Amino acid sequence: MNIRGHFLRMVPAVWLLISAQAAFALSFPTPALEQAYLGLTQQVNSYRPGPAIALADSILQEMKLQGFVDHELFLWVRFQQSHAMLMNYEMYDRSLKQLYEVIDQAENRELWELAAESYLSIALNHEFLEREKDCIRNLNYAWRLIADHDLGPTSARYCVRRSSYHRLFADHDSAKFYAERAIELGTAHQVLRSVKDGNMVLGIIAQDPLDQIFYRQKCYQICLELEDYFSAIFQKINILKSLVKVEGMDNAFSHWDSARSLIPYIDQSNDNYWEALSKLYETKSELFEMVDLQDSALHYFKLFHEAEFQAFNASDLVDIQQQETQFAVQREQEKLKAEKERAQLLIGGISFLALLLTGLGWALWRNGKQRKLISTQNEQITTQNQALEESLNRQSMLLSEVHHRVKNNLQLVISLLTLQGLKIEQEHVQLQIDQLSNKVHSIALIHDQLYQAGEFEAIDLTEYIGKLIQYFQELASAEAPFSIETDITDISLNLETVLPLGIICSELITNSLKYARLPDRPLIISLKIVKLDQGFEMQYRDNGPGYPSGKFTTKASSMGGVLIKSMARQLRTKPETQNEGGAVCTMKFSEKWVSQV
């Protein structure tokens, strides 16, 4: 499964700030390698990681064959390749590892521009992962080299990264300062891409729509000058949205047509073609929604999903092509290795014939051959272990993304329910839709926690229940507040157990909010889950009037009651209810057994 396209839509502002363009004088050992390197930078700056990584592998292999491993260009090619890896969510670790290797060699050879650029790229890597301390530490490393060695063009890119860092971590005054500094330095050193990125950040953090339009229009013009039509489309869409706030809908569709006119400039074989097209269709669907043309909005919403599907397929195709290219390179490397081994065997045969002259020589040759065999076996075992470890890491990452996508899809369901509820005038129907949204949210919280924790075998019940309670409290109005007291200590359960338990808790809380409020006192809810010698016990109570008949009864029309009993059956238990200063529900259960196969 490829998730690069999905990740791109989540963080478009940060993604479009990636730039691997270096404005330094770089010598080339041959004209062919110069052309290949220029093609590599073009692939990277066009956001095409698959072809860029494969091309970088080919250049590095060719430089090894020609004996140019010690040339400065070899390190710059590895630097560009790490940028291409950074665009692929599944290759972050490899990107970081390679950048650190480049820094070590660059500093040993006093290639300060390359070392500073690599530190900035590592900072960008950590920025993607929202690792604030790691990000600022590498920015400081880069600045130390820039200041010590007067690296003017690099200082412009440093200001872009510093501005983006402050924007991400909510220091907008500092973000504005560094963005303006990036524009100033980029203009002085003719680093046009830094000028573009500085205006982009200013447009993002600006609060006034007119300021947003001003900076984004500048960014848009530079994108056209750089022939970066993918970025230009996103800037034009942002300009459109800001203009709608200022002018209304009068010229909205003409601005959209202007953005759409840039699509033919993007090669359809580029997977970014479908990314840009899906964003355009999504925006037009929103515009038709604003003018209440539901049929047209639905039409473009369908086109948006079709283009999104094409984007995913295009990303997968790039990955397949990359894998095929890597396989071809590996196969050629294996052929070269086989030829070398064959030559070594020939030399060994000649040596063997010579060593037959004496028993001592034969014994020494025999001993050397055994050592070589053991070394080869050890290398094979090490390679297999590394392959297994990489496969395990990949599976873990894919599983994390599955939970992330499930959570996002459930959030989309909640949003659709909320939008539909706003259009319905009947209060009882709106209430039913809100309650259905709460049930879906209790499920989405589980997948969100699995994704955030990266631990898929168990869910921290304290954290999950806390987030579920926080959600209900955020929904409560100021006129109808309530409090929930919890007692849950150090309990982690698997997904199959937490899912029905979360739905039961959600239904009990909803029931209390609906029926347990008394005019003379605030509503207080208590939720306690403790570990027993065998299994667990949940006790839920409120201080309301209690159950009308003294215990919980299920009406045929009550979906909540049916859900509680259905989820309890999944846990192989039965809730026990009574009135004791309010409604009390007690349930003993055990963690569900899940096959490991």
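Structural remarks
- Dividing the convex hull volume of the alpha-carbon atoms in the stretch 85-181 by its residue count gives 88 Å³ per residue.
- Candidate residues Leu298, Leu240: accessible-area rank, largest first, probe 1.4 Å: Leu298, Leu240
- Summed residue charge, Cβ within 12 Å of Gln539's Cβ, Lys/Arg positive, Asp/Glu negative: -3
- Accessible area per residue in Å² at 1.4 Å probe, computed on the stretch 122-275: 44 Å²
- Estimated FRET transfer efficiency when R0 is 25 angstrom, pair Val246-Asp292 (beta carbons, to 0.05): 0.75
- Which of Ser483, Ser278 is most accessible, then next, and so on - probe 1.4 Å: Ser483, Ser278
- Cross-link table Lys176/Lys236; Lys97/Lys133; Lys133/Lys528; Lys514/Lys574; Lys196/Lys241, entries beyond 27 Å C-alpha to C-alpha: Lys133/Lys528
- Residue order by solvent-accessible surface for Lys372, Lys592, Lys531 is Lys531, Lys372, Lys592, largest first, with ligands and nucleic acids left out and a 1.4 Å probe.
- Rg to Rh quotient for the stretch 203-261, alpha carbon positions, Kirkwood Rh: 0.96
- For the stretch 493-596, the alpha carbon convex hull comes to 104 Å³ per residue, rounded to a whole number.
The values are calculated or read from the model by the stated rules, or taken from the named source; none is laboratory data. In this text the structure is predicted, and so the values were computed from the model without any measurement. When we count neighbours, we look across all protein chains shown, and the Cβ atoms used for this are built from the backbone with ideal geometry, even at glycine. SASA here: full protein model, heavy atoms, side chains in, ligands and nucleic acids out. Shrake-Rupley method; radii C 1.70, N 1.55, O 1.52, S 1.80 Å.
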